[in-house]
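Please treat every number below as a calculation from the coordinates, not as lab data. Quick caveat, the model's predicted, so the values are computed rather than measured. Here Cβ is always computed from backbone atoms with ideal geometry, including for glycine, and neighbour counts include all displayed protein chains.
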Amino acid sequence: MPSTVFSPASTAPVAPSVRDRLLPAVTRLPRYWWVPLALVTLLGGVLRFVHLSWPHAVVFDETYYLKDAYSLLLHGTEQQWPEGADEGFVSGNIPDTQGHPSFVVHPPLGKWLIAIGLWLFGADAHSGGASPRPCSARRPSP
């Protein structure tokens, strides 16, 4: 059939559309692309949350952050604590602060986040005191 104005004799290759050039990977994802992501997330959650309240003690820097967060929650500032305050947090008999300001080294944002966990879940080491642990980068060593 001869070429006319309305029907060209040969069809030149058509350039991909802008959408095809900008989103090629999204359109080629397998149907269940989210399954490996969900499995890795589940594994990470299990590793992080199993034995969350272990050890039954205030360890490492929790001795500072837990008490500072609790005093921020109660008084709005970091306060000094009496000797044996860690054992009081573990046993649930939390002593009162000494009423003197504490030497503050770190900014308060992390302490306020811990204070929110204490306010939501309580100040004992099993619930509120342990709630910041999933967000921390460390796990207590056996």
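For the reader, a short list of remarks on this structure follows.
- The residue list T97, Y64, H75 was ranked by how far each Cα lies along the charge dipole of the stretch 57-121 toward its positive end, using unit charges on Cβ atoms, and H75 comes out on top.
- Label positions at Y32 and F49, each projected 7 Å from the Cα along the C-beta direction, are separated by 2.3 nm.
- Cβ crowding within 10 Å averaged over residues, with 86-95, 67-76, 112-121 ranked highest first: 67-76, 112-121, 86-95
- Taking label positions 7 Å along the Cα-Cβ direction at both E87 and R19, the computed distance is 7.0 nm, reported to one decimal.
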